[in-house]
Amino acid sequence: MKINFKDRVGFVFDVSRVIFNWGINILSLEIQTGCLYLHIEKIDAANLKKVIDEIKLVPGVTGIDPLAMMPAEEREFKIKAVLDSVSEGIIAVNERGMITAFNPAAEHILKVSASEVAGKNIKEAISADVLITGCLDEGKSYNYQKVSLPIPQGRVSLLSSGRPLKDEQGNIVGAVICIKDMSDVKRLVYTVTGPQLTTFSDIWGNSESLKKVLDLGKIVAKGDSTVLIRGESGTGKELFARAIHMESFRRGKPFVPINCAALPENLLESELFGYVEGAFTGASKGGKTGLIEYAHNGTLFLDEIGELSPRLQVKLLRVLQEGQVRKIGDRKEHPVNIRIIAATNRNLEEMMKMGTFREDLYYRLNVVPIFLPPLRQRKEDIALLARHLIKKFNTRLNKRVDSISEEAVHKLMAYHWPGNVRELENVLERAMILTPDEKIITEHVVLDYFGDEKESRNPREELGAREETWPWKNQTLEQVVGCFERKLLLQALKEFGGVRRTAKALGVSHTTILNKIKKYGLGSEPS
């Protein structure tokens, strides 16, 4: 109950005496200016009314109201509601390091329940004395410290901040720790600093060939099947993949791109699949979450998928088939729910014939193929693209160019654009830099011809025609040699019936043959 009163000496004593005379226990009592809060043991309604009537007779009482909870309970309830609602893990300890608060987010991050750790020393309960040592011993605060803590499933990397708690005399009476899972921190950073969101409306063009591709993309975005985007370099394959992601039901989740040609095989493997602590020399303490797991519930974009080594093709195929990923050095597999969009400018069908791209992976990826037209096949879009790019570069270059001459547009349309939209961006940015005025004219449009402007198209077209008949188009010398080596190895193993006999016939060591089998993903062969 809440008792309002006019302040006077002895008021609390007089009220307590009334309750004492009735033989009722006072469970808690709080006093504020003009208010006395009482929590008494439960009694029947008739006696409660008599007690209240008698308290009203105490000099100074101006009113009595029922109370759902005591002020201290209400404050505690509100604090708990705040702690339960925040995404950061909150841990509070007393001056001896005993855990006094442990919110649901901390339970989730550290994989342990509050009931298991309440009242226990933080060092013994979760091996986390590193979080509070400076706060309790020296009264120092710290911000955004990266730490690694053990959990039942291994270790977890955290970002931690801590504050000491002090009483009115400045004595340290405890500490509060805030923790956040590093994977959540990375997602937050990506959300804030990541590329601008892209939809199909950001892909400019009115040509029929582009409209058909956009219509197909919008249909595909509504589903969840694997997509293989085909097209020459510079046609905007990643932009198209982002648009599919943004118009799918996964749009609120991560879009994680990686270029399969940008990293060496071992580094690409650790980036894609992650690793556990101690998996190899130089592995980070606490291990690392791979991009496949990081893309959980979102979209993984594998650019230049044709550059993936045979060994990593096998590992990726397992992820597609089983929906699980295994970190390097880990014995357990972790379920992942991702959509994969792959892209390539390579002839995967020819690579399958040569044995450098797995047929089973190809059919897993090529559920919905999308072919992006090169710019030379949609030249009617060039004028529209040019105006759009001029606006874009005005902001970036702090310019005020507002138009492009018809002659300059004709010059752009007469060019064959081997580098597609990426090359058009390059040419227009150069033109924006070169123009001193507010208009781009022909002289500002500098194209990357091999020779004389009038003669440059025929040699390039001839080269393109030759590439169509060249069986190893887009293949490096190393890849062509690897293809023949793989075929030779398969035939030799079949002919000689085992690793050792094959090694002897080819004049190499037994270990060399085993390494080649592993390199080309041929599986185990009898020795």
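The values are calculated or read from the model by the stated rules, or taken from the named source; none is laboratory data. Values in this document were obtained by computation on a predicted structure and should not be read as measured data. Reconstructed Cβ throughout: ideal geometry from the backbone, glycine too, with neighbour counts over all protein chains shown.
Annotations
- From the list Thr299, Thr356, the one residue that fits, being in contact with a His (Cβ under 9 Å, 6 or more places away or on another chain) and surrounded by 19 or more Cβ atoms within 10 Å (Cβ to Cβ), is Thr299.
- Subset of the range 226-248 (residues that are outside any helix (DSSP H, G or I) and modelled with pLDDT of 95 or more): Thr226, Val227, Leu228, Ile229, Arg230
- For first residues located in the range 477-503 and assigned to a helix (DSSP H, G or I), partners that are among the charged types (D, E, K, R) and lie 6+ apart or on another chain with Cβ distances below 6 Å form the pairs Leu489/Lys516; Leu493/Glu525; Val499/Glu525.
Matching residues to (1) of a type outside the set (Asp, Glu); (2) farther than 26 Å from Lys288 by Cβ:
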residue	(1), (2)
Ala81	yes, yes
Ile91	yes, no
Asn103	yes, yes
Leu131	yes, no
Glu138	no, yes
Val176	yes, yes
Ile179	yes, no
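- For Glu88, the stated conditions hold: it is charged (D, E, K, R) and buried (at least 17 other Cβ atoms within 10 Å of the Cβ).
- Here Ser16, Ser28, Ser87 are screened, and the one residue that is polar (S, T, N, Q) and in contact with a His (Cβ under 9 Å, 6 or more places away or on another chain) is Ser28.
- Unmet requirement for Val18, which otherwise passes all of (1) touching a residue at least 24 places away in the same chain (Cβ under 8 Å); (2) surrounded by fewer than 11 Cβ atoms within 10 Å (Cβ to Cβ): (2)
- The residues of the range 116-136 that are in contact (Cβ under 8 Å) with a residue 40 or more places away in the chain and outside any loop (DSSP other than H, G, I, E, B), listed by number, are Leu131, Cys135, Leu136.
- Residue count, the range 92-115 (criterion: more than 18 Å from Val147 (Cβ to Cβ) and assigned to a strand (DSSP E or B)): 4
Condition check ((1) under 32 Å from the mean Cα position of the chain (by Cα); (2) at pLDDT 90 or above) across all residues:
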{"position": "Arg376", "(1), (2)": "no, yes"}
{"position": "Lys392", "(1), (2)": "yes, no"}
{"position": "Trp417", "(1), (2)": "no, yes"}
{"position": "Val427", "(1), (2)": "no, yes"}
{"position": "Arg430", "(1), (2)": "no, yes"}
{"position": "Lys439", "(1), (2)": "no, yes"}
{"position": "Val445", "(1), (2)": "no, yes"}
{"position": "Phe450", "(1), (2)": "no, no"}
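- Within the range 241-284, the only residue that satisfies the criterion of being among the aromatic types (Phe, Trp, Tyr) and more than 19 Å from the chain's Cα centre (by Cα) is Phe280.
- Every condition in (1) in contact with a Leu (Cβ under 9 Å, 6 or more places away or on another chain); (2) at pLDDT 85 or above; (3) polar (S, T, N, Q); (4) crowded, with 16+ Cβ neighbours inside 10 Å is met by Asn206 except one, and the failing one is (4).
- The set of residues from the range 286-310 being assigned to a helix (DSSP H, G or I) and in contact with an Asp or Glu (Cβ under 7 Å, 6 or more places away or on another chain) comprises just one member, Leu291.
- On the stretch given as the range 64-100, residues that are among the aliphatic types (A, V, I, L, M) and at pLDDT below 90 total 10.
- Residue in the range 331-371 that is farthest from Ala279 (Cα to Cα), counting only those that are more than 27 Å from the chain's Cα centre (by Cα) and not in a helix (DSSP H, G or I): Phe371
- Any hit, the range 266-285, residues being at pLDDT 95 or above, part of a strand (DSSP E or B) and not assigned by TED's automatic domain parsing to the domain that holds Ser157: no
- Considering the range 1-89, the qualifying helices (runs of 4 or more DSSP H), each wholly inside and each with 2 or more residues that are under 30 Å from His108 (Cβ atoms), run over 71-85.
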